[in-house]
Amino acid sequence: MKKFSIVIAGGGSTYTPEIILMLLDNLDRLPLRCIKLYDNDEERQNKVAKACEILIKEKDPFIEYVATTNPEIAYTDVDFCLAHIRVGKLEMRSLDEKIPLKYGVVGQETCGPGGMAYGLRSIPGVLENIDYMEKYSPNCWMLNYSNPASIVAEACRRYRPNSRVINICDMPIGMENTIARILGFNNRKEMDIRYYGLNHFGWWTSIKDKEGNERIHDLIAHQLQYGNCLKDDDASHYTDSSWFNTARKVKDIISVDPTMCPNSYFQYYLFGDDIVAHTNPNYTRADQVVDTHEKRVFGECARIAQNGSAKDTTLQIGIHASFIVDLATALAFNTKERMLLIVQNNGAIENFDPEAMVEIPCIVGKDGYEPLSIGKIPTFQKGLMEQQVCVEKLVVDAYEQHSYNKMWQALTLSKCVPSANIAKKILDDFIEVNKEYWPELK
Ligand code: NAD
Ligand code: G6P
Ligand code: MN
């Protein structure tokens, strides 16, 4: 069987070691001859690079391994690029979250003003990586899950329409694992689902077993009572209280429209006031991630490097991340697997902007993806999506035209922001701290 060569862009990510473990666990499905890490921050990448080398050597010494900050070395002779860069790193995530909170507005990585600020930073970083890929390995596919995925996808649509880039998010996968558990399936692949929306902004409309029996009504009844928690769940079942609260909040979200099952990210759009009330404006999610997840992963990587062995490692396979192998094998072996991707609508949602980037099921094979048709969507969902997709487009307009007003309009239009006054204050603060990353807005 053919063996593939992979580059991980954003090699210094805290998720890199568990993605490598996941790749190594799936070599029977996706045989590899080379794994490379690429980052533009050598110091950060070095925190995981040695440990990754040891993990690979202990599993399969014949897999070539390279960690580099040189784009030519990184992108030459690769079949797949797994891209998860964070332009501005967690330091800027922290400011994306804290600045809106100063004005009583949701401060979140991808939703509301924080996501827009992150969008203006991310676009050039992702485009730069696409260009390296096309220059050095024109047949390579980029499986991109760099956030904010909706805005990044819109920029890809406009500026690199013919590039081999597929934008994807792990959130529906994570939620489907939970849904499968709630409904008593052994895993999410026992379900056939229908879903539509924007990234971090969509709904499940059908969940069938393999005999074709509809189970969504059981799920709706459960979520109206328990949200996405199991009946006997409490916070101790979760590694993280923040994700436990999110699972619980699904109960409130679905109450607004109990005909379909929402992505939990709607908590930031529909219940922003509750979220703000429960957020410490001086200690946000970025701080939690740095103090827990990042500390644990970098600490463990340092220990592995020191010992020269990963035999007793506490690092775990990123099970979520196996969707990346599903996607790569679909492209490599023409499996025609059905996957949720962020793609141009093009009529799939009949009564929605054909140019919008939507998250919908697609069939994936050797030549890329074919979106499935969704049909007409109801007024509430359509209204929410139209507002949000215009926000995302205005951010990309602001990037393209270096326009202060377009960015101000984007912030003003966001469901998370109460007025143009507050939008302007947030924008002016963002401009101050993003000088190094944003185009100069005029
Ligand atoms: P992280 O900060 O730990 O790592 C990101 C790395 O990207 C850093 O080492 C940074 O130096 C590097 N980087 C920044 N700009 C770059 C560039 N232009 N070229 C190469 N490398 C660059 O971040 P993280 O928490 O692991 O998240 C990584 C990304 O993945 C983020 O965008 C995050 O939002 C996203 N993410 C997406 C999903 C999804 O399903 N869509 C899931 C998890 C994380
Ligand atoms: C989910 C989303 C990602 C997001 C991540 C944040 O996986 O799909 O897009 O980046 O959550 O998780 P964190 O633990 O960093 O807050
Ligand atoms: Mn996501």
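Summary of values
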| quantity | calculated |
| --- | --- |
| Those residues of the stretch 130-181 which are closer than 29 Å to PRO113 by Cβ, more than 16 Å from ligand 3 (Cβ to nearest atom), in contact with a helix residue (DSSP H, G or I) (Cβ under 8 Å, 6 or more places away or on another chain) and of a type outside the set (A, V, I, L, M), in sequence order | ARG158, TYR159, ARG160, SER163 |
| Tabulated pairs, the stretch 155-172, first touching a residue at least 24 places away in the same chain (Cβ under 8 Å), second within 11 Å of ligand 2 (Cβ to nearest atom) and open to solvent by 60 Å² or more (accessible area, probe 1.4 Å), C-beta under 7 angstrom, 6+ apart or interchain | ASP170/HIS320 |
| Test for ILE20: is it touching a helix residue (DSSP H, G or I) at 6+ places or on another chain (Cβ under 9 Å), in a strand (DSSP E or B) and either open to solvent by less than 20 Å² (accessible area, probe 1.4 Å) or closer than 19 Å to MET142 by Cβ (or both) | no |
| Residue list for the stretch 364-380, restricted to those being touching a Cys at 6+ places or on another chain (Cβ under 9 Å) and not in a strand (DSSP E or B) | LEU372 |
| Checklist (1) open to solvent by 10 Å² or more (accessible area, probe 1.4 Å); (2) assigned to a helix (DSSP H, G or I); (3) within 16 Å of ligand 3 (Cβ to nearest atom) applied to ILE85, failing item | (2) |
| Selection count where residues are within 23 Å of the chain's Cα centre (by Cα) and of a type outside the set (A, V, I, L, M, F, W, C), scope the stretch 6-57 | 19 |
| Candidate set: the stretch 308-363, residues that are in a loop (DSSP other than H, G, I, E, B), open to solvent by less than 40 Å² (accessible area, probe 1.4 Å) and hydrophobic (A, V, I, L, M, F, W, C); chosen: the one farthest from ligand 3 (Cβ to nearest atom) | ALA310 |
| The stretch 121-145 residues that are at positive phi, paired with ones that are open to solvent by 60 Å² or more (accessible area, probe 1.4 Å) (beta carbon under 7 Å, 6 or more apart) | none |
| Options SER122, SER150, SER137: the member that is surrounded by fewer than 23 Cβ atoms within 10 Å (Cβ to Cβ) and at pLDDT 95 or above | SER137 |
| Wholly enclosed strands (runs of 3 or more DSSP E) of the stretch 155-243 bearing at least 1 residues modelled with pLDDT of 95 or more, open to solvent by 60 Å² or more (accessible area, probe 1.4 Å) and away from ligand 2 (no atom under 16 Å from the Cβ) | 192-198, 201-208 |
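The values are calculated or read from the model by the stated rules, or taken from the named source; none is laboratory data. Quick caveat, the model's predicted, so the values are computed rather than measured. FYI the Cβ positions are ideal-geometry reconstructions off the backbone, even for glycines, and counts take in every protein chain you see. Please note that ligands, DNA and RNA were not included when accessible areas were found on the heavy atoms of the full protein model with its side chains. Shrake-Rupley method; radii C 1.70, N 1.55, O 1.52, S 1.80 Å.
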